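Engineer: Following this message is one structure expressed as structure tokens.
Taken together, the values in this text are just the output of simple stated rules run on the coordinates, not laboratory data. Keep in mind the model is a prediction, meaning the values are calculated, not measured. Don't worry about glycine lacking a Cβ; one is built from the backbone with ideal geometry, like all the others, and counts go over all protein chains shown.
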Amino acid sequence: MDTPPGSIPSPYEGLQVTAGELFPLTCPHCQRRFGDVKDYLSRTTPIFYSSGLMQQEQPGSGTFVLLVRNCLCGTSLALRCQDRRSRSEDAQRRRQQFNLLVGLLREAGVDAEAAQAEVRRLLQARTP
Ligand SMILES: [Zn+2]
């Protein structure tokens, strides 16, 4: 029943959502199942005014980005989007990631300006 890694729609590829591990994602509260990223985005709602994007540092595996949204039952669900680990801040990679994250937020219903501001804030926060 594993979803093969190549099956994620192209805008999300760079986020390396670990589909095989995450999907189907089941809400622990209402048992609603999300088959893939698109399914997740279309059937969850943003948290407050936030995009739901969060960044976390994990020893051993580096920085990763979480997309947190509310299930229709109100439970918060975190989708882990594995960051590529390159520590050298390659401008092209950053730009690519920026576009990917903005695209993800747009897909989630955030308007373009807010999405860009949110992602910019997130990526800047990462720079030491
Ligand atoms: Zn739920």
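Engineer: Assuming R0 = 25 Å, what is the FRET efficiency of ARG120 and ALA78, from their Cβ-Cβ distance, to the nearest 0.05?
Structural biologist: Rounded to the nearest 0.05, the efficiency is 0.70.
Engineer: Related question: Quick query: amide H of THR63 versus all other amide H atoms, modeled in the peptide plane; which residues come in under 5 Å with a sequence gap of 5 or more or a different chain?
Structural biologist: Under 5 Å from the amide H of THR63 lie the amide H atoms of GLN58, each far enough along the sequence or on another chain.
Engineer: Here's another thing I want to ask about it. Residue separation times 0.36 nm, minus the C-alpha to C-alpha distance between ARG95 and MET54: what's the value?
Structural biologist: Length gained, ARG95 through MET54: 13.0 nm.
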